[in-house]
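This report concerns only the one structure given below.
Coordinate-derived values only; no laboratory data. Bear in mind that the values here come from a model prediction, so they are computed numbers and not experimental data. Note that each Cβ is placed from the backbone with ideal geometry, even for glycine, and that neighbours are counted across all protein chains shown.
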Amino acid sequence: MLHILSWNCRGFPWNKGPKLSWISNDVDIIFLVETWEHEESKVPNIDGFMLWSISNKRSSRRGIRGIACYINKNISPHVRIYKNDPHNQYCWMEIKDINNKNSYIAICYFPPSILTSIRRRI
């Protein structure tokens with residue numbers, strides 16, 4: 001059984017606030033959305049995890065959007081990024097279990113402005 005943590009961190013001040021050291025190594029996958037990562041404020045590394053992070057490059061002073069995936073190093077050989085969005089709004093991961101069966105999980109963040117425009121078209 002996978003243990004997954006997901007958090008909409010709403011632009012947590014990575015370079016000013018507490019780090020993510022409180023996260024247990026019992027967690028297999030951590031998803032962060034709305035990271036607002038940019039050159040001056042990077043999503044931190046977590047000991048025991050591999051980090052895959054994408055951000056929107058529109059702003060150098062304050063990032064917008066952004067998603068991050070932390071994969072516990074114990075399962076990282078069985079996980080790969082399967083597909084990601086060219087607009088940095090979603091990512092699919094493929095996970096192989098002990099029976100060599102594939103499972104898929106996605107992380108996504110669609111800002112309210114996009115959802116509003118979709119609703120108008122419906």
Practice item. Any chance you could run the full-extension gain for A106 through K42? It's 0.36 nm times the residue separation minus the Cα-Cα distance, nm to one decimal. Key: 20.8 nm
Exercise for review: Order these peptides, 81-87, 48-54, by their mean beta-carbon neighbour count within 10 angstrom, highest first.
Suggested key: 48-54, 81-87
Review point. Roughly how many nanometres apart are two label points built 7 Å out from the Cα toward the Cβ at R10 and S76?
Key: 3.1 nm
